[in-house]
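Single-structure report; data block below.
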Amino acid sequence: MSIKKETYPVEGMSCASCAQSVESMLSSLEGIKQANVNYANASVLVEFDENTVSPSDMEKAVNDIGYKLIIDNSPKNVSELEAKEKLKLKKAKQRAFYSIAFAIPVFVMAMFFPNIPFAKWIMMLLTLPVIAWFGREFFVIAWKQAKNKSTNMDTLVALGTGAAFLFSTFNTIFPEYLLSKGLQPHVYFEAATVIISLILLGRYFEAKAKSRTSDSIKKLMGLKVKTARVLRNHKESEIPIDEVQKGDILIIRPGEKIPVDGVVTDGESSIDESMITGESMPVEKTKGDKVIGATINKTGSFTMKAEKVGKDTMLSQIIEMVKNAQGSKAPVQKTADKIASIFVPVVIFIAITSSLIWYFAGPEPKSTFAFVTLVTVLIIACPCALGLATPTALMVGIGKGAENGILIKNAQTLEFAKKINVVVVDKTGTITKGEPEVNEIVWLKSDIKRDQILEDILAIEKKSEHPLADSIVNYLNHLSNSSLNVVKFNSQTGFGVSATLNENEYLIGNYQLMKKNSIDIEGEHQYFNQYSNTAQTHVFVAKNKSLVALITISDKIKENSVRAIRNLHKSGLQVHMLTGDNYSTAKDIARQTGIDQFKAEVLPQDKLDYVKNLQQKGFKVAMVGDGINDSPALSQADMGIAMGHGTDIAIESADITLVKGDLEKIAASINLSKATLKTIRENLFWAFIYNIIAIPIAAGVLYPVNGFMLNPMIAGGAMAFSSVSVVLNSLRLKSKKLL
């Protein structure tokens, strides 16, 4: 079995019932594991076994029920995407405005000049292209739906306008039939043309508004580089980005975008990574450093080796994550889909029932009232608004998250985020920077040459491979020690190092190293006792058997960690910290940041058990981490949040990835979830209220009270507006502040 996940565009869907039809058809095919149709962006996310079912099989199945699945025309860049959208909008605009051009004279004649010679024949001829050409899609899809024993919104429009046109055409050609029965041969050409025109106009505005919900994808695709300068066989050439292969040596000049992910092989520069990480300060890169595709080279020139190309680059994976998330379906959407699937048959039943009641129990002219209510109920009912309520809000919400460095894996995550009440965070790399740094050097002797000793320490630590040695080297790297000659260097695992330099013997390491070499450390107790209960590591420096300095090193707390935890508390969340570090360090970090509870010296299994224990107590847990050791807990948690600088395994295990690795984005994610769900509830409320109020009015319920009968043309306009209003309400999320 070879499971594949792909997103395909679908053309011809006009409502939630259409989406349900496509989804049901695809799900019925052998080999389809899951199919989620997103009506808002006219696409379907399919998970399938490519050994059992092919894209061509899916294409045929969808085409058979009146829609078009596009399997080989996915846009490769933002220009293609925008070109396709512009073409769709152009066609939608042409259909709408050409239809309006024919509808206006029909409307004017019907309202103001109904008795001019051949008025009915002129209106019939002007209505014909609206029905047969501009609005033909309603009838084609409705017919294909009927052949498959299914219905959708096109069924309602086709029945309503088709009945109006046929009834009016019959009365135009054979007026004597009704006259012989004492009835007036009324015509409703204006209703048919205006209804179709308004619905087409509504769909054009809806498509225009919906195109803005995919702005995040366009922005991400717009970051892609089109060409790369490659060095092959000692010759430099510029090639399309699609031709870059893993292992190619690329040449990057100042001001250019980096084409793909890779590693610097020669040269150095500063890189603007803000479009990926959100960090405004350029990052210095030298030989051996990783670089990310689509980031901007600022100053120097360098060469790099391509490591990830095509779909494997970070930018491509981010785009794919956003697409899959926007194409996924939230639980609340599935409820709306079930309602939409029975909506059209129920509306047809109501339309026929109300028409029969008017015909048999209504006032004269009974046939006119019966016909008007039939058409009006069919036209005003709107499953579109129901279908758009959830996916448009989710698309905008997920897109806004991506623009703010919050990558949401699926819609379920966005819907669930608001239920979280405990956030469990890893310490290293999450609350702290994840890199040890020197805090200060405490001098324990006054009669020494400090500058010389610092240069000696730098020379010795440069020979060590220990991470703490790197932090000391970084701290002292501004010193010049090129002439110093270190001899008898010895690294003692678990203790530190010893070395001789300019006939001076040095010991640099922990407390155990000093005790092992009989260095008097108790006499200097008062100098470092104040550091013993803090989140710091102590490195002692002894010169010629005499303790001369104490170096304090710590993994410093990120600048915004305290503020981030405070924001989480304001949102009503508990914050727990897990760390493999010692108890004293964990306690000090918890004290400084305001952590509610912490547990120290834990292993990956302990983190997993801790999350399970909280869940057993009834808490909804979000786990935040960045390492391989966090991945079991990330998978177990109700919601896993990976820091963007973390390992691929951690990111794969998580539901949300914070690209910048910023703790403040956790509160932003939860606020985004709440705002999106609020918008979904508003959309669903107005969609339901619209139909609950509109359908009875269309059926004529107000006529016995005040004599009001809804005009079918107004019904068509109201139906079109309801869909547009839902999309516009979703777009308000774009301006929402997350913190």
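Annotation: F688 fulfils all but one of (1) among the hydrophobic types (A, V, I, L, M, F, W, C); (2) open to solvent by less than 40 Å² (accessible area, probe 1.4 Å); (3) at pLDDT below 85; the unmet one is (2).
When every residue of region 242-249 is checked against the conditions, none turns out to be modelled with pLDDT under 90, of a type in the set (A, V, I, L, M, F, W, C) and either more than 30 Å from S14 (Cα to Cα) or in a loop (DSSP other than H, G, I, E, B) (or both). Only one of the listed residues (S571, S546, S554) is farther than 26 Å from L507 by Cβ and hydroxyl-bearing (S, T, Y). That residue is S571. The set of residues in region 442-463 that are surrounded by 15 or more Cβ atoms within 10 Å (Cβ to Cβ) and touching a Phe, Trp or Tyr at 6+ places or on another chain (Cβ under 8 Å) comprises V442, L444, D456, I457, I460.
Residues in region 177-196 that are part of a helix (DSSP H, G or I) and modelled with pLDDT under 85: Y177, L178, L179, S180, E190, A191, A192, V194, I195. Yes or no: K516 under 28 Å from K463 (Cα atoms), within 32 Å of the chain's Cα centre (by Cα) and at pLDDT below 90? Against the criterion (under 28 Å from K463 (Cα atoms), within 32 Å of the chain's Cα centre (by Cα) and at pLDDT below 90), K516 does not qualify. Can you tell me which residues in region 270-308 are of a type in the set (V, I, T) and at pLDDT 90 or above? Hits for region 270-308 are V291, T303. Looking at this structure, is K418 surrounded by fewer than 24 Cβ atoms within 10 Å (Cβ to Cβ), in a helix (DSSP H, G or I), at pLDDT 75 or above and of a type in the set (D, E, K, R)? When the stated conditions are applied, K418 passes them.
Is there a residue being under 53 Å from the mean Cα position of the chain (by Cα) and either modelled with pLDDT under 90 or not hydrophobic (A, V, I, L, M, F, W, C) (or both) anywhere in region 444-454?
no
Taking the condition assigned to a helix (DSSP H, G or I) and basic (K, R), does K445 pass? No; evaluated as a whole, the condition is false for this residue.
Within region 561-609, if we keep just the residues that are surrounded by fewer than 17 Cβ atoms within 10 Å (Cβ to Cβ) and among the hydrophobic types (A, V, I, L, M, F, W, C), the residue that is nearest to N421 (Cα to Cα) turns out to be V562.
Within region 427-441, being in contact with an Asp or Glu (Cβ under 8 Å, 6 or more places away or on another chain) and open to solvent by less than 10 Å² (accessible area, probe 1.4 Å) holds for K427, G429, T430, T432.
Assess whether K612 counts as being free of Cβ contacts under 8 Å to residues at least 12 places away in the same chain, under 21 Å from A417 (Cβ atoms) and not hydrophobic (A, V, I, L, M, F, W, C).
no
Taken together, S341, S367 contain a single residue that is open to solvent by 20 Å² or more (accessible area, probe 1.4 Å), modelled with pLDDT of 80 or more and of a type in the set (S, T, N, Q), which is S367. With respect to the conditions (1) touching a residue at least 60 places away in the same chain (Cβ under 8 Å); (2) at negative phi, G572 falls short on a single one, namely (2).
Per-residue answers, yes or no, for (1) modelled with pLDDT under 85; (2) farther than 30 Å from K674 by Cβ; (3) in a helix (DSSP H, G or I):
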residue: G399; (1), (2), (3): yes, no, yes
residue: L468; (1), (2), (3): yes, yes, yes
residue: H478; (1), (2), (3): yes, yes, no
residue: N481; (1), (2), (3): yes, yes, no
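Restricting the first member to region 580-601 and to residues that are modelled with pLDDT of 90 or more, and the second to residues that are in a helix (DSSP H, G or I) and surrounded by fewer than 20 Cβ atoms within 10 Å (Cβ to Cβ), the beta-carbon pairs closer than 6 Å and six or more apart or on different chains are T593/V562. Any residue at all in region 616-623 that's farther than 18 Å from G434 by Cβ, small (G, A, S), buried (at least 20 other Cβ atoms within 10 Å of the Cβ) and modelled with pLDDT of 85 or more? The answer is yes, given that some residue of region 616-623 is farther than 18 Å from G434 by Cβ, small (G, A, S), buried (at least 20 other Cβ atoms within 10 Å of the Cβ) and modelled with pLDDT of 85 or more.
Picking from residues in region 131-168 that are open to solvent by 10 Å² or more (accessible area, probe 1.4 Å) and not in a helix (DSSP H, G or I), the one that is farthest from E11 (Cα to Cα) is K149.
For region 638-656, which positions are open to solvent by 10 Å² or more (accessible area, probe 1.4 Å) and modelled with pLDDT of 80 or more? Matches in region 638-656: D638 only. Selection within region 292-311: residues that are without any contact (Cβ under 8 Å) to a residue 60 or more places away in the chain and closer than 18 Å to E243 by Cβ. The member of this set that is most open to solvent (accessible area, probe 1.4 Å) is K311.
Each row is one residue, and each column tells you yes or no for (1) in contact with a Pro (Cβ under 9 Å, 6 or more places away or on another chain); (2) over 18 Å from S354 (Cβ atoms); (3) open to solvent by less than 30 Å² (accessible area, probe 1.4 Å); (4) at pLDDT 85 or above.
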| position | (1), (2), (3), (4) |
| --- | --- |
| I695 | no, no, yes, yes |
| A698 | yes, no, yes, yes |
| A715 | no, no, yes, no |
| A718 | no, no, no, no |
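The values are calculated or read from the model by the stated rules, or taken from the named source; none is laboratory data. Remember, predicted model here, so these are calculated numbers, not experimental data. Ideal geometry is used to build each Cβ from the backbone, glycine not excepted, and the neighbour counts take in all protein chains shown. Each accessible area value is taken on the protein alone, full model and side chains, heavy atoms only, with ligands, DNA and RNA left out. Shrake-Rupley method; radii C 1.70, N 1.55, O 1.52, S 1.80 Å.
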